[in-house]
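Colleague: Dumping the structure here so I can ask a few things about it.
Nothing in this text is a laboratory measurement; each read-out follows from the coordinates by a stated rule. What you see is a predicted model, and the numbers here were worked out from it, not measured in a lab. Heads up, the Cβs are rebuilt from the backbone with ideal geometry, glycines too, and the neighbour counts pull from every protein chain shown.
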There are 2 protein chains.
Amino acid sequence: MKSDAAGVATVRMMELGRTECLALLAGVPMGRVGFTHQALPVIRPVNHLVDGDTIIIRTHGVSALVHSASVNEIMVYEADQLDTVARTGWSVMVTGPASAVTSPAEAVRCRKLLIPWIDRDLDQIIRIRAELVTGYRLDHGR
Amino acid sequence: MKSDAAGVATVRMMELGRTECLALLAGVPMGRVGFTHQALPVIRPVNHLVDGDTIIIRTHGVSALVHSASVNEIMVYEADQLDTVARTGWSVMVTGPASAVTSPAEAVRCRKLLIPWIDRDLDQIIRIRAELVTGYRLDHGR
């Protein structure tokens, strides 16, 4: 671990490529989706599935998320594993247009793979196309 | 733990009040700020301080966050502690206008209390006014 003149460890953000970002995202169960509801920004923690070049999440039928997806709003999805004490970890952010999954077969497949952590009818499947993918890993310069 | 007819534990979202939300937020070191950059939604993990009715974060001088704060953009700040396997935890979301902390004394105080996890000049202090505060806790119906 490199140190600066004062002996404090040097921690920098090392940019990650698209493939590594999507692999990291696929390896964690949850993240946060960002979208707009009634002209205000919203962040909600949800679980996800990386499905090719898209991120799949599920929600209930009358949610703000469904409304935003119905108009193909640009959403952002972020996941991270950061240890603020050890100063290690990574963060990945995916941005792109959202849409509702309307194919019944596709929806059934996604519902099997993605089990929500609350007991509410989260029958709507939303897909966010990963048009922009950015991320970083904290690097101790070893 | 309550169970439904199939013997599966029932987990619901129990809404939390403002005071409890801010107390939960104050008890964790980090969260995610949501804002807009070049017309796109952005989510960034940062550490924070709850300071009265505001959330304080720090960033570097030329960041997109500083630009958004300079025009008093409405930002959202979310923190959570969710265990997706045990299906326990909480999430809190704060929404309100952002501004830059311009008082040098105030900025010095915030910089002492809020140590970033990367070695970059994060000298700019941003304050988000907690106008809307919502949150929930997962409830197993015990």
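Colleague: When the convex hull of the C-alpha atoms of the stretch A:46-142 is computed, what volume per residue in Å³ does it have?
Modeller: Numbers: hull volume 11.6 nm³, N = 97.
With only Cα atoms used, the stretch A:46-142 gives 120 Å³ per residue.
Colleague: Ignoring everything except DSSP H segments at least 4 long, calculate the 222 nm mean residue ellipticity for the protein assembly as shown; use -39,500 (n - 2.57) per segment, divide by total residues, nearest 500.
Modeller: Value at 222 nm, helices only: -5000 deg cm²/dmol.
Colleague: Just the projected area, averaged over all directions, of the convex hull on the alpha carbon atoms of the stretch B:95-139: how many nm²?
Modeller: Approximately 4.8 nm², given one-decimal rounding.
Colleague: OK, next. Starting from the Cα of A:Met30, step 7 Å along the direction of its Cβ; do the same at B:Asp121; then give the gap between the two resulting points in nm.
Modeller: Using points 7 Å along Cα→Cβ, the separation is 3.8 nm.
Colleague: Could you check how many percent of all C-alpha pairs in the protein assembly as shown are farther apart than 34 Å?
Modeller: Summing the P(r) of the protein assembly as shown above 34 Å gives 19 percent of all pairs.
Colleague: Computed over the Cα atoms of the stretch A:8-50, what is the ratio Rg over Rh, Rh following Kirkwood?
Modeller: That ratio equals 1.13.
Colleague: Taking a label point 7 Å out from Cα toward Cβ, give me the nm distances from A:Arg12 to the same spot in the other copies, shortest first, one decimal.
Modeller: 5.3
Colleague: Calculate, in nm to one decimal, what B:Arg18 and B:Thr102 gain on full extension: separation in residues at 0.36 nm each, minus their alpha carbon distance.
Modeller: Answer, rounded to one decimal: 27.5 nm.
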